[in-house]
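Colleague: Got a structure for you, questions after.
The values are calculated or read from the model by the stated rules, or taken from the named source; none is laboratory data. This is a predicted model, so every value here is computed, not measured. Positions of Cβ are generated from backbone atoms using ideal geometry, with glycine treated the same way; all protein chains shown enter the neighbour counts.
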């Protein structure tokens, strides 16, 4: 079940996990602490954001620590039958169609609780995955790494520093996932330039979304929506569109640099 890892890591019941993962405006959940974060209660998502200045990249990054386990619960429920589930099925399809060998390198960018990597490990037993996960330093990234290690997966965690991007050496990834991430980035254009360096021509598949929020939906301020058209143009110049599935786009690295 989607809440099994939450119940084990945070010592909550399935009913408590369901309640803590609810998504509604004005919610002030009493979130549990863990060995890696403090409890958080009595504040809405928006109030946590407004509790400190959020102008610099470092200040914005601090928000993801301040929310404690909030995103751990929200993301697990959100991805139960959502984006991660659909992405996993499409990835299996591409693995089969394109005759990938058994060793597959995956980058889950802005991984949070690592929903895609966990789904692939659980449902694609015929492949040997190297899972690379990154995100800002946060409880949900720590929890995501724990989920993969619990399964016995081969996982490499990278914490993104303010205004810097991780280096992965000479690796070329087979699959790169940036789902519900681009709209949150301070510099999405540079982030795409970085992943291009780790993409192999005519091979790497790139899954991405850019979630659009109308005025009523944008209750939090961490949806920055910066350089959207510039970033989309960069993607289009370097990747060929394979599929547009209800806002989730699947690209393949062009045969040229």
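Colleague: Identify all residues within region 55-64 that are in contact (Cβ under 8 Å) with a residue 24 or more places away in the chain and closer than 19 Å to residue 141 by Cβ; write none if there are none.
Modeller: If the condition is that a residue be in contact (Cβ under 8 Å) with a residue 24 or more places away in the chain and closer than 19 Å to residue 141 by Cβ, then 57, 58, 60, 61, 63, 64 are the ones that fit.
Colleague: Restricting to region 79-99, name every residue that is surrounded by 15 or more Cβ atoms within 10 Å (Cβ to Cβ) and touching a strand residue (DSSP E or B) at 6+ places or on another chain (Cβ under 9 Å).
Modeller: Once the filter is applied, which keeps residues that are surrounded by 15 or more Cβ atoms within 10 Å (Cβ to Cβ) and touching a strand residue (DSSP E or B) at 6+ places or on another chain (Cβ under 9 Å), region 79-99 yields 83, 84, 86, 87, 90, 91, 94, 95.
Colleague: Is it the case, given these coordinates, that residue 15 is assigned to a helix (DSSP H, G or I), at pLDDT below 95 and either surrounded by 13 or more Cβ atoms within 10 Å (Cβ to Cβ) or more than 21 Å from the chain's Cα centre (by Cα) (or both)?
Modeller: For residue 15, the condition - assigned to a helix (DSSP H, G or I), at pLDDT below 95 and either surrounded by 13 or more Cβ atoms within 10 Å (Cβ to Cβ) or more than 21 Å from the chain's Cα centre (by Cα) (or both) - is not met.
Quick grid of which residues meet (1) in contact with a helix residue (DSSP H, G or I) (Cβ under 6 Å, 6 or more places away or on another chain); (2) surrounded by 19 or more Cβ atoms within 10 Å (Cβ to Cβ); (3) within 19 Å of residue 142 (Cβ to Cβ):
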site	(1), (2), (3)
3	yes, yes, yes
27	no, no, no
34	yes, no, yes
37	yes, yes, yes
41	no, no, no
44	no, no, no
53	yes, no, no
71	yes, yes, yes
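Colleague: Also, I was wondering about something else. Quick check on my filter: what residues within region 172-184 are over 12 Å from the mean Cα position of the chain (by Cα) and buried (at least 21 other Cβ atoms within 10 Å of the Cβ)?
Modeller: Result: 173, 174, 175.
Colleague: Consider residue 81 against the criteria (1) assigned to a helix (DSSP H, G or I); (2) under 30 Å from residue 203 (Cβ atoms): it satisfies all of them except one. Which criterion is unmet?
Modeller: It is condition (1) that residue 81 fails.
Colleague: Which of the residues belonging to region 115-138 are touching a strand residue (DSSP E or B) at 6+ places or on another chain (Cβ under 6 Å) and farther than 16 Å from residue 86 by Cβ?
Modeller: 127, 128, 129, 130, 131, 132, 133, 134, 137
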